[in-house]
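Below you'll find the structure, written out as structure tokens, and then a few comments.
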Amino acid sequence: MKQRSKGKTVALLGMLLALALLCSYIETLIPMPMVVPGIKMGLANLVVLTTMYLLGPKEALAVSCARIFLSGFLFGNMFAVVYSLAGGILSFCVMLLLKQVWKYNILTVSVAGGIFHNLGQLLVAALVVENVNILYYMSILFFSGLVTGAVIGCISREVVLRLADLEGRK
């Protein structure tokens, strides 16, 4: 994308953060019929992934961390922040490595992000409850991260392509 002024970049990041918060809130309203507690669609990751591809990793990390803290305090609690932060940071690091080092496409990056987000949260849960048997949930959470990551990746790919196309027309 074209180079933006600092003020425009800050305004854009503010809008992206607001969108990520809105996605988090919408996700709390969607009842998920599930056997395993904690499975979510990861709608806010759509904004983080798109930001990573359009603006860069620093901006995406800022949006992700700010969203985690704000949504945790607005719609959850301190434990929600800790779990989300663990999953979000691990997921972000893996997505960044796959994107920059191995040049994987956005769909693969998103799927890996979904899987590693679940792994990060599960590792924190194992530490909190002091029981490694909770890691048996990983098989179910792996599948969940695979499916939700693929859906988010497909949508994000379309958003990135269309926004890049719009930016190119200016």
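The values are calculated or read from the model by the stated rules, or taken from the named source; none is laboratory data. Not measured: the values here are computed from a predicted model. Backbone-built Cβ (ideal geometry, glycine too); neighbour counts: all protein chains shown.
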Out of VAL132, VAL151, sole residue that is at pLDDT 95 or above and not polar (S, T, N, Q): VAL151
Counting only helices (runs of 4 or more DSSP H) wholly inside the range 1-112, the ones holding at least 2 residues that are of a type in the set (Lys, Arg), out of contact with any Asp or Glu (no Cβ under 6 Å at 6 or more places or on another chain) and without any contact (Cβ under 8 Å) to a residue 60 or more places away in the chain are 6-29, 57-75
With the checklist (1) within 15 Å of THR50 (Cα to Cα); (2) free of Cβ contacts under 8 Å to residues at least 60 places away in the same chain; (3) of a type in the set (A, V, I, L, M, F, W, C) in hand, flag the one item LEU127 doesn't pass. (1)
Can you tell me which residue within the range 41-82, out of those that are surrounded by 20 or more Cβ atoms within 10 Å (Cβ to Cβ) and not aliphatic (A, V, I, L, M), is farthest from ALA112 (Cα to Cα)? SER71
Can you confirm whether the range 2-11 contains a residue that is in contact with a helix residue (DSSP H, G or I) (Cβ under 9 Å, 6 or more places away or on another chain), surrounded by 12 or more Cβ atoms within 10 Å (Cβ to Cβ) and at pLDDT below 90? yes
What number of residues within the range 118-146 satisfy the criterion of being of a type outside the set (Gly, Ala, Ser) and touching a Leu at 6+ places or on another chain (Cβ under 7 Å)? 8
Can you find a residue that is part of a helix (DSSP H, G or I), under 22 Å from LEU19 (Cβ atoms) and touching a helix residue (DSSP H, G or I) at 6+ places or on another chain (Cβ under 8 Å) anywhere in the range 121-136? no
Kindly evaluate ALA112 against the criterion of being surrounded by fewer than 18 Cβ atoms within 10 Å (Cβ to Cβ) and at pLDDT 95 or above. no
